[in-house]
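Read the structure below first, then the notes.
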Amino acid sequence: MNCDMECNCCHKTKNRSEAEITSLLNRLSRVEGQIRGIRGMVERGAYCPDILTQVAAANAALNAFTRELLASHIKTCVADDIRAGNDGTIDELVGLLQKLMR
């Protein structure tokens, strides 16, 4: 199973490949840079539509991160748990998707 269960206050952990970690961290770095850019725009008194355009870009970048992480979760953790007969993972996934779609 690709997901490791460690009892740290009942939180699960996952071993990720170096490639996956690098990809996720690169996406997060882009989001951080965009957020710093937006902050700078606010501090400089940039025009609202220009700021809003950058906010939309940051949201899109964060959504891309979410899609990549969710796809990895489904392909590894969820699939492995279902193969192992742990159908409770399906309920967990449904709950997660409901939270993400609010």
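Could you list all residues from region 63-77 that are hydrophobic (A, V, I, L, M, F, W, C) and in contact with a Leu (Cβ under 8 Å, 6 or more places away or on another chain)?
Applying the first criterion (hydrophobic (A, V, I, L, M, F, W, C)) to region 63-77 yields 64-65, 69-71, 74, 77.
Within region 63-77, Phe65, Leu69, Leu70, Ile74 qualify.
Got a sec? Which of Arg67, Arg44, Arg27, Arg39 is out of contact with any Pro (no Cβ under 7 Å at 6 or more places or on another chain) and in contact (Cβ under 8 Å) with a residue 24 or more places away in the chain?
Step by step, each of Arg67, Arg44, Arg27, Arg39 is checked, and only Arg27 is out of contact with any Pro (no Cβ under 7 Å at 6 or more places or on another chain) and in contact (Cβ under 8 Å) with a residue 24 or more places away in the chain.
Has region 5-12 got at least one residue that is under 16 Å from the mean Cα position of the chain (by Cα) and surrounded by 15 or more Cβ atoms within 10 Å (Cβ to Cβ)?
Looking for residues that are under 16 Å from the mean Cα position of the chain (by Cα) and surrounded by 15 or more Cβ atoms within 10 Å (Cβ to Cβ), one finds none in region 5-12, hence no.
I need every pair where a residue in region 83-99 that is of a type in the set (Val, Ile, Thr) has its Cβ under 8 Å from the Cβ of a residue that is assigned to a helix (DSSP H, G or I), sequence separation at least 6 or different chains.
Pairs that qualify, where the first residue is of a type in the set (Val, Ile, Thr) and the partner is assigned to a helix (DSSP H, G or I), are Thr89/Cys77; Thr89/Val78; Thr89/Asp81; Thr89/Ile82; Ile90/Val78; Ile90/Ile82.
Return the residue satisfying two criteria in turn: it lies in region 7-25 and is in a loop (DSSP other than H, G, I, E, B) and more than 27 Å from Ala58 (Cβ to Cβ), and of such residues it is modelled with the highest pLDDT. Please lay out each step first, then the result.
Pass one, region 7-25, residues in a loop (DSSP other than H, G, I, E, B): 9-10, 15-17.
When the remaining residues are screened for being more than 27 Å from Ala58 (Cβ to Cβ), the result is 9-10, 15.
Working: Cys9: 41, Cys10: 51, Asn15: 91.
Ranking the qualifying residues of region 7-25, first place goes to Asn15.
Applying the selection to region 82-94, what residues are over 15 Å from the mean Cα position of the chain (by Cα) and under 13 Å from Leu70 (Cα atoms)?
Glu92, Val94
The values are calculated or read from the model by the stated rules, or taken from the named source; none is laboratory data. All of these numbers come straight from a predicted model, not from anything done at the bench. For neighbour counting, all protein chains shown are included, and Cβ atoms are generated from backbone atoms with ideal geometry for every residue, glycine included.
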